[in-house]
């Protein structure tokens, strides 16, 4: 079982690779819309990528209103 | 299509549709790769009448209000028909709002019934409902054993006896649709049965439905466009609505081909996303294939300049049209302004984008581009029955757009003052600035009102987000649409700006900036202010200490320019 920290770290790594920005520029408390300069549809792309990576399904309502990596990690962690 | 002039209410028209197309499919619901349900009109009617019987036994009477708080799905439409069958007034709420905002609108609408999805109810049920008049709450899809805090399960809700159809008059309220006001003064548009029946009759010939025609519903159904395009129109023509429980772009793309979609309504943001995806695919083609594609696009562009020729476009650009399922007639774009170059991109491919202008207060569409000929620079001509006028035009012909028609709402709920300001001598003042050209096409060139519309089609009013900045350690503050301070003749890239009047001794760019950033982060991304300006004078106020926004905006616009905005 992964810890929340490990899950968060994997999310940050994946987001950095997916949107081609240096990993060290991302922090758990960052607002991913602002930091990755993405709109709501690009954010959904990221969620799908994360679903495949973690082998889970995140219903749309679970990510509704989530804007930072840490909260996203906790929603994913709850389904691992 | 049903002859809508024969009906007094939406409920009566829907009841006829259920009888007429009893064995046709009206609803399909899919979640990722799995289809969850497929209902015929008869099954749809049976499901709705079960709910209607339960509502009537719980005292729900004609004229009573029932709120729906759900994402796009089959139970949304089933519940809506149940409410209309009982003669009730539907209050469709935006499921993306916060529990506090939901509660405020439930209270304002005086809804007696709430029909809500479990994930939303889980958050909302913690609230204090004492300000509301809720008597019955129905929760859909609640897990077994879940504590519903006094609410009933939608799936088990039924009456002992049969439900009884309650007729309504055309002038009676059908829906109360909130166009804004979650943070302050709620603007609940009271739309009558006549508004909807007239609007449907006017736009149906442009985008007809028939048994077998399918609409893919992705814009929230509380939005006027989806309610009309994804409920009233398909049902009055015997068509079907497809709902997806997961609105990821890849599942939307897949739904086109799986369900052979005929129409879909989108907001400009989704259209841009589709454009980006297609451009990426074109860029990946080999040089030879790309040259061939460019040649075919050119032929299509020339052939469709004067009018759309869908069959020809489907042959010329077969692969592109197949990616949209091969049956697509039009993408209806609304909610916000679409850039002409995006419209041109799709037009060149022979994919019709039904572009137009509308607002909730006028029950959806006011003008529509009929593409005869294609004019990406305008929002088209008024739809049947719509009178359009430009009030106080300047020498360039630009003034406020006003509308008069049978589709204009009755009034704003419980706000005669705002109603009187908005509907003057039967004309709805839209607050948008535009002009009508020699061929009768409308062009929009800015706003008179202090608000913005995002590419997602969300209307954001400054008053609705100011509460997040309450108790800022400054003398006073106020939020404006940047284009309200510095008028610009554009309808894209609109932004909000926070005006801060700090004490001269305060280090406004130091301590306050950090606090502004923190507060701004609490708002959903599309609601955030883009930056702030520092203002050194007292805000002009009324005797009751309300900020005189228009005077303050004029002062700021005169003394500062856009470069004074410090980005957040």
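What follows draws every value from the coordinates through simple rules; no lab data is involved. Since the structure is predicted, the reported quantities are computational estimates derived from the model, not experimental observations. Heads up, the Cβs are rebuilt from the backbone with ideal geometry, glycines too, and the neighbour counts pull from every protein chain shown.
Miscellaneous remarks
- Euclidean distance between Cα centres, segment B:213-236 to segment B:477-554, Å: 37 Å
- Shape class for segment A:4-79, computed from the alpha carbon gyration tensor (a ≥ b ≥ c): rounded, with a/c under 1.5.
- Once the C-beta distance of residue B:260 and residue B:542 is scaled by a Förster radius of 60 Å, the resulting FRET efficiency is 0.55 to the nearest 0.05.
- Cβ-Cβ FRET estimate between residue B:439 and residue A:1, R0 fixed at 56 Å, reported to 0.05: 0.25
- Segment B:295-332-segment B:111-144 distance, computed between alpha-carbon centres (Å): 46 Å
- For residue B:295 and residue B:522, the difference between the fully extended length at 0.36 nm per residue and the C-alpha to C-alpha distance is 76.7 nm.
- Paramagnetic reach from residue B:185 (point 7 Å along Cα→Cβ, amide N under 20 Å) across segment B:539-560: B:539-555
- Extension gain for the segment residue B:35 to residue B:8, taken as residue separation times 0.36 nm less the Cα-Cα distance, is 6.2 nm to one decimal.
- Part-to-part distance (alpha-carbon centres) for segment B:351-397 and segment B:433-469, which is given in Å: 14 Å
- Beta bridge orientation in chain B: antiparallel %, DSSP, nearest 5: 55 percent
- Label sites at residue B:155 and residue B:98, each approximated as a point 7 angstrom past Cα along Cα to Cβ, lie 3.3 nm apart.
- Volume per residue of the C-alpha convex hull in the protein assembly as shown, rounded to whole Å³: 175 Å³
- Here residue B:471 and residue A:35 are evaluated by their C-beta separation; at R0 = 25 Å the FRET efficiency comes out at 0.35.
- Ordering of B:358-370, B:444-456, B:543-555, B:239-251 by packing [mean C-beta count within 10 Å, highest first]: B:358-370, B:239-251, B:444-456, B:543-555
- Estimated D of chain B in µm² per second, where Rh is the Kirkwood radius over Cα pairs and Stokes-Einstein applies at 10 °C, 1.306 mPa s: 63 µm²/s
- For segment B:425-465, the residues whose backbone nitrogen is under 11 Å from a point 7 Å from the Cα of residue B:389, taken along Cα to Cβ, are B:425-429.
- Overall shape of segment B:55-210 was characterised from the C-alpha gyration tensor. The equivalent ellipsoid obtained from it has semi-axes of 25, 20, 16 Å, in decreasing order.
- In nm, spacing of pseudo-spin labels at residue B:107 and residue B:46 (7 Å Cα→C-beta vector): 4.3 nm
- Label-reachable residues, segment A:28-56, where backbone N falls under 16 Å from a point 7 Å from residue B:282's Cα toward its Cβ: none
- Estimated at 0.36 nm per residue, the fully extended path between residue B:126 and residue B:148 surpasses their Cα-Cα distance by 6.9 nm.
- Label separation (residue B:133 vs residue A:52): 5.2 nm, computed from points 7 Å beyond Cα along the C-beta direction.
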